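Structure record follows, encoded as structure tokens.
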């Protein structure tokens with residue numbers, strides 16, 4: 001009977017929350033999701049295609065939402081309060097919707113690094129300095145009006161990632177492959193264009209990423225320059241003048257380009273700190289949720305009954321996020337069925 | 001297209017509290033030679049136009065910044081000299097330290113930040129100052145550059161303005177290049193009005209007084225001084241190449257003037273125009289006179305209608321007369337080389353290419 005089902009409340013209806021919800025529902029739990037946005041799907045809903053296979057993001061969303069009708073989603077709702085009681089957690093929201101849950105799964109995801117913070121890159125000042133997120137919107141919604149012949153594009157890797165000045169020492173992991181994917185898409189969209197990628201390293205760690213990178217060079221003629229950007233300015237004719245240091249030759253370079261695409265990295269979600277406080281889940285020094293145990297128990301937290309999944313614990317690809325969500329569903333299932341996950345010593 | 005809102009977003013982040021009265025003024029080592037009217041004009045504007053109190057006394061010394069940046073004295077020596085300046089300020093009953101020079105401003109900022117981060121260094125310098133001079137000091141309540149003060153008072157100056165940065169014939173705003181000294185905010189962005197990347201300090205004055213700021217690609221590039229670029233004679237090619245790059249970059253915008261807030265920048269931007277003209281026959285204005293380069297005090301003085309020759313504008317290599325004519329400034333060209341009522345300066349030799 002519905003009333004006897006144990007209830008799992010999930011915070012965040014991106015692909016992690018949706019995938020975990022699907023599996024928890026299949027395992028026989030009542031599932032509710034609170035989502036602050038108007039729609040489900042998180043950031044993936046804003047993307048055009050995904051790497052490395054160039055699948056449409058709609059396909060990923062359709063997959064993640066395959067069981068959407070089987071659980072309750074509360075859109076435009078934010079969790080404001082939670083307390084433990086004998087039956088688990090009593091939770092309230094800004095819409096005054098109350099929940100009694102046996103377990104909590106936090107999947108608030110990430111926020112895109114605010115490229116305005118890199119003032120010298122001119123985002124928000126020079127019209128044709130855009131971000132990777134903007135570029136996905138351009139591909140989805142059409143390019144703004146301009147003469148599209150012989151455009152020169154520059155992709156700037158590691159914006160707000162591996163950057164002590166931004167306060168983010170970690171690698172955002174997905175931006176290298178995204179840049180290569182987007183560079184190929186630009187060449188396909190504008191066959192006359194010249195495309196440059198200014199990278200720190202190229203971290204092509206996943207299956208078929210290296211092949212995509214090889215194709216970018218050999219098939220699509222994209223120029224990869226190991227360089228760091230110093231500043232962006234605007235020329236008299238409204239083109240962009242960039243100054244970079246080629247870090248292989250240790251020489252400064254100046255280039256004139258039409259578009260700069262800043263590969264903004266991942267940062268903890270805006271509500272991560274609030275959720276951390278409400279549920280007593282610690283964060284690491286970068287603000288991502290800290291699991292109970294790194295490497296072996298990344299979905300459990302030190303707060304009993306509270307679980308984490310997806311990019312809330314650190315940058316992840318779509319594949320990793322979906323796998324992590326399934327893992328979290330299983331961890332919750334073990335918890336609610338009063339069993340425990342075997343430890344690294346093989347004991348229960 | 002340049003989005004003003006993007007700049008405003010940055011300016012909001014870098015607001016600076018600027019005291020509006022009672023300044024202890026520390027003069028620059030070199031400005032009185034380069035731009036002899038600038039510091040006296042600053043004092044005159046504050047005291048006579050705006051009724052402020054400013055102490056300009058004779059006991060302070062160099063901050064030793066040039067020696068420090070040329071690596072010829074240790075940092076502790078510079079710190080002890082700076083501590084003595086603060087001691088003089090305290091002794092005079094002032095709390096707001098206002099160094100004329102941008103390099104000094106950078107030196108003071110860097111030292112105060114060092115002492116904040118490393119209190120043990122401050123204690124050591126206290127001991128050293130006591131041993132060397134028997135003096136004690138307190139840190140200033142506010143450290144501001146005089147360009148911060150003029151920025152804060154720009155609308156008060158506007159109320160008394162006789163001229164605007166507007167072409168008197170066409171009514172068009174003058175196109176102004178602003179060049180902010182490197183040591184103003186590049187080391188500590190939050191110590192400058194508007195930060196380091198899009199500083200507001202000179203832009204605010206220009207806009208308040210009717211001008212329009214030119215944002216050209218090499219705006220952030222060094223003026224060409226760069227200490228060792230010029231101080232080491234063998235490096236002077238770097239210096240002029242740097243300055244030339246700036247002029248080449250700003251030329252298409254046809255600027256009417258350049259305004260600066262550093263001792264060295266106007267010197268290099270002004271004098272190298274003569275050298276570039278002699279070396280390459282190149283002048284960066286269609287009229288052949290070059291782009292006038294002013295300190296912000298000189299600019300404020302012009303806006304207030306002060307006698308340009310009492311402002312010391314005859315000490316500029318690039319003639320300022322075309323600028324004065326543009327804004328409709330009434331002046332007597334024959335007074336240019338007079339001191340008082342007598343002509344005591346001989347007319348300088350005219351350059352080969354630049355018109356004067």
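Annotation for the range B:12-33: at least one member residue is free of Cβ contacts under 8 Å to residues at least 60 places away in the same chain, within 14 Å of chain A (Cβ to nearest Cβ) and in a helix (DSSP H, G or I). State yes or no: is residue B:210 more than 14 Å from chain A (Cβ to nearest Cβ) and part of a loop (DSSP other than H, G, I, E, B)? For residue B:210, the condition - more than 14 Å from chain A (Cβ to nearest Cβ) and part of a loop (DSSP other than H, G, I, E, B) - is met.
Restricted to the range A:229-245, and to residues there that are at the interface with another protein chain (Cβ under 7 Å from one of its Cβ atoms) and outside any strand (DSSP E or B), the residue that is farthest from residue A:128 (Cα to Cα) is A:236. Any residue that is away from chain A (no Cβ under 14 Å) and either surrounded by fewer than 19 Cβ atoms within 10 Å (Cβ to Cβ) or part of a loop (DSSP other than H, G, I, E, B) (or both) - is there at least one of those in the range B:100-107? Looking through the range B:100-107, at least one residue is away from chain A (no Cβ under 14 Å) and either surrounded by fewer than 19 Cβ atoms within 10 Å (Cβ to Cβ) or part of a loop (DSSP other than H, G, I, E, B) (or both).
Which count do you get for residues in the range A:254-288 that are more than 14 Å from chain B (Cβ to nearest Cβ) and assigned to a strand (DSSP E or B)? Number of matching residues: 7. In this structure, residue B:153 qualifies as within 19 Å of the chain's Cα centre (by Cα), more than 30 Å from residue B:236 (Cβ to Cβ) and either buried (at least 23 other Cβ atoms within 10 Å of the Cβ) or more than 14 Å from chain A (Cβ to nearest Cβ) (or both).
The sole residue among B:53, B:40, B:62 that is surrounded by fewer than 14 Cβ atoms within 10 Å (Cβ to Cβ) and either under 21 Å from the mean Cα position of the chain (by Cα) or more than 14 Å from chain A (Cβ to nearest Cβ) (or both) is B:53. Out of all the residues in the range B:324-331, is one or more within 28 Å of residue B:157 (Cβ to Cβ), under 22 Å from the mean Cα position of the chain (by Cα) and part of a helix (DSSP H, G or I)? Yes, there is a match, as at least one residue in the range B:324-331 is within 28 Å of residue B:157 (Cβ to Cβ), under 22 Å from the mean Cα position of the chain (by Cα) and part of a helix (DSSP H, G or I).
Among the residues of the range A:26-33, is any at negative phi, in a helix (DSSP H, G or I) and surrounded by fewer than 16 Cβ atoms within 10 Å (Cβ to Cβ)? There is at least one residue in the range A:26-33 that is at negative phi, in a helix (DSSP H, G or I) and surrounded by fewer than 16 Cβ atoms within 10 Å (Cβ to Cβ).
Okay, residues lined up against (1) at positive phi; (2) within 14 Å of chain A (Cβ to nearest Cβ); (3) not in a loop (DSSP other than H, G, I, E, B):
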position	(1), (2), (3)
B:183	no, no, yes
B:197	no, yes, no
B:215	no, yes, no
B:225	no, no, no
B:240	no, no, yes
B:243	no, no, yes
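When residues in the range B:271-284 are screened for being part of a loop (DSSP other than H, G, I, E, B) and more than 23 Å from the chain's Cα centre (by Cα), 3 of them pass.
Of the residues in the range B:227-239, at least one is under 19 Å from residue B:283 (Cα atoms) and under 19 Å from the mean Cα position of the chain (by Cα).
Restricted to the range A:105-161, the set of strands (runs of 3 or more DSSP E) holding at least 1 residues that are farther than 30 Å from residue A:281 by Cα and more than 14 Å from chain B (Cβ to nearest Cβ) comprises A:152-159.
Every number here is computed from the coordinates shown, using simple stated rules; none is lab data. From a predicted model like this one, the values you see are computed outputs, not experimental measurements. For neighbour counting, all protein chains shown are included, and Cβ atoms are generated from backbone atoms with ideal geometry for every residue, glycine included.
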